Amino acid sequence: MKIITNKKKSDDKFLRTAVSPLDFDLEDNKKLQQLIRDMRKTMRKVHGVGLSANQVGVSKRLFIAEVPNKEGQKKFYTVINPKIVKTSEEKSSLTEGCLSIPKWFGDVLRPRNITLSGLSPYGKKLKIKAWGLLARVFQHEIDHLNGELFIDKAKNLHKEEEPSKDSPVV
C-alpha cells in the first residue's frame, strides 16, 4: 500500500478533495478489515501515528490511529465516518508533520480536547473523548478527510530530514 504525497499536482488535488461517507455494509466487512490491516501495516512501516483512507487512495471517510499513552502503551483506533461533535475552548500549539507531505513540519494550533463520534469497523456507534496528542491526531486525520492539509494551518513551516521525537507524523 502506497501513501499518496503532494509531490504531483494530481495527487495534491486528490488530497485536497473532501471524501464521501463510507456506506457501512456488514456483508462487505472482509474487504474493510483487509483495508484496515493494510493501512495499519503501512502506517507502522513509516512510523506514523495516524493515517486516513484518502492518504492511500481510498476516497472514503475512515481513519486509523495508534497513539502511545502516558505509560507508553499504544491503543489502536479505527473510526468510520468520524465527526467532531465538541471541542474545548482551550487550544494548544504543537509541531506536526504529515506522511503525505514528507519532511515538512509546522506549528498547528488546535483545540486541546475534542469529542468524536463515528462507527467502529463492526458498525457499532462510537463516542470518544480525546485530549492531548490523541485529540490532535484525530483532528489532523479528519482534516485529511475534509480535503485540508496541515500546511494550510501551520506557522513556522520548515523542512527537516528527520522529525524530532516530539513531532507527531500523521
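We did not get these values from a lab; they are worked out from the coordinates using the rules stated. Computed from a predicted structure; not experimentally measured. Note: ideal-geometry Cβ built from the backbone for every residue, glycine included; neighbour counts use all protein chains shown.
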Which loop-located chymotrypsin sites (Phe, Trp or Tyr not before Pro) does the range 2-98 contain, where loop means any DSSP state but H, G, I, E or B and the Cβ has at most 16 other Cβ atoms within 10 Å? 24
Burial-style ranking of 112-120, 38-46, average other-beta-carbon count within 10 Å with highest first, yields 112-120, 38-46
Per GNM of the chain with C-alpha springs under 10 angstrom, the most fluctuating residue out of 109, 62, 149 is 109
For a 28 Å ceiling on Cα separation, which of these pairs sit above it: 8/127; 9/91; 31/124; 7/91; 7/127; 7/45? 8/127; 9/91; 7/91; 7/127
Label model pair residue 17, residue 41: point-to-point distance (7 angstrom along the Cα→beta-carbon line) in nm is 2.7 nm
For the chain, the longest stretch holding no GluC sites (Glu not before Pro) located in a DSSP loop with at most 14 other Cβ atoms within 10 Å is which? 1-70
